[in-house]
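First up is the structure itself, then whatever we jot down about it.
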Amino acid sequence: MRGVLHKELLLYFTSVLFYVVATVFLLLAGYFFWTNLDFYVRFGGMNLVRGLWQYQFYDLRQLLLAMIPLLTMRLLAEERRLGTLELLWTYPLRDWEIVAGKYAACMVVVFALLGGTLVYPVVLSTLQPVQPGPLLAGYTGLVLLAGAFVACGLFISALTDSQIVAGTATYGVLLLFWILTWNEAALSEGALRLLVPFSLFDRFQVFATGGIDTRDVSFLLLFTVAFLAGTLFALDARRWRGVR
């Protein structure tokens, strides 16, 4: 696993795509923080968590939705296109080690991106006290959400040899899980009750407002495990078929 992890990290940090994604992510995150803070200052007296951090976490959530498919699209699709996936199988590596190494490498990159946004509460703390609890809850939610996104992207990347297809399909699937309950007027009460537990949008709300619900944590972890298991199944099926 360590060999796969090191290889993937090297590919990420020597890739132009990573630096483009990181630059866009941090610039947009900074812009969102500045506009959210400006809104908070102009309408003083609102609760800091709901008036600033809640919307900042919502904005970061949307950035992750847009950026993570770009980070996951090549993980296995490129291996399939180049035919190097079969080469990996000639090494003493089990499928779970390949999947774990690639997943961990992408999560390290996501941690780096989110780590860059920690400068905002640090700067703000020089002007007024910042409570760590809501920040911890919000970033916990972002990490869990990012883990679910990466797992989904890795699974879809295992199904195709086209990076464009993998990235587009990942974004589409994640967006579907996001907007399941948006058009409440078009859904019956029974359908809405059935779909709400699967909505990533609803699952993240508690984290953004400074809370942690074990049901939301469990769902995001199960979502991640399910897609990682699907990735293992896809690799195993491909191995038995013996196709590129």
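The values are calculated or read from the model by the stated rules, or taken from the named source; none is laboratory data. As the structure is a computational prediction, the values presented were derived from the model and not from experiment. Quick reminder, even Gly has a Cβ in these numbers, built from the backbone with ideal geometry, and neighbours come from all protein chains shown.
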Top-ranked residue in region 186-244 [being basic (K, R) and in a helix (DSSP H, G or I); ranked as modelled with the highest pLDDT]: R215
Set L142, L127, L159: member being over 23 Å from R2 (Cα atoms), surrounded by fewer than 14 Cβ atoms within 10 Å (Cβ to Cβ) and either in contact with a Lys or Arg (Cβ under 7 Å, 6 or more places away or on another chain) or not hydroxyl-bearing (S, T, Y) (or both): L127
Members of region 110-124 found to be under 17 Å from Q54 (Cα atoms) and either crowded, with 21+ Cβ neighbours inside 10 Å or under 22 Å from the mean Cα position of the chain (by Cα) (or both), listed by number: L114, T117, L118, V119, Y120, P121
Hits in region 146-185 - residues which are more than 19 Å from the chain's Cα centre (by Cα), of a type in the set (S, T, N, Q) and either closer than 18 Å to A234 by Cβ or at pLDDT 65 or above (or both): T160, S162
The one condition in (1) at pLDDT below 90; (2) within 11 Å of the chain's Cα centre (by Cα) that L64 fails to fulfil: (1)
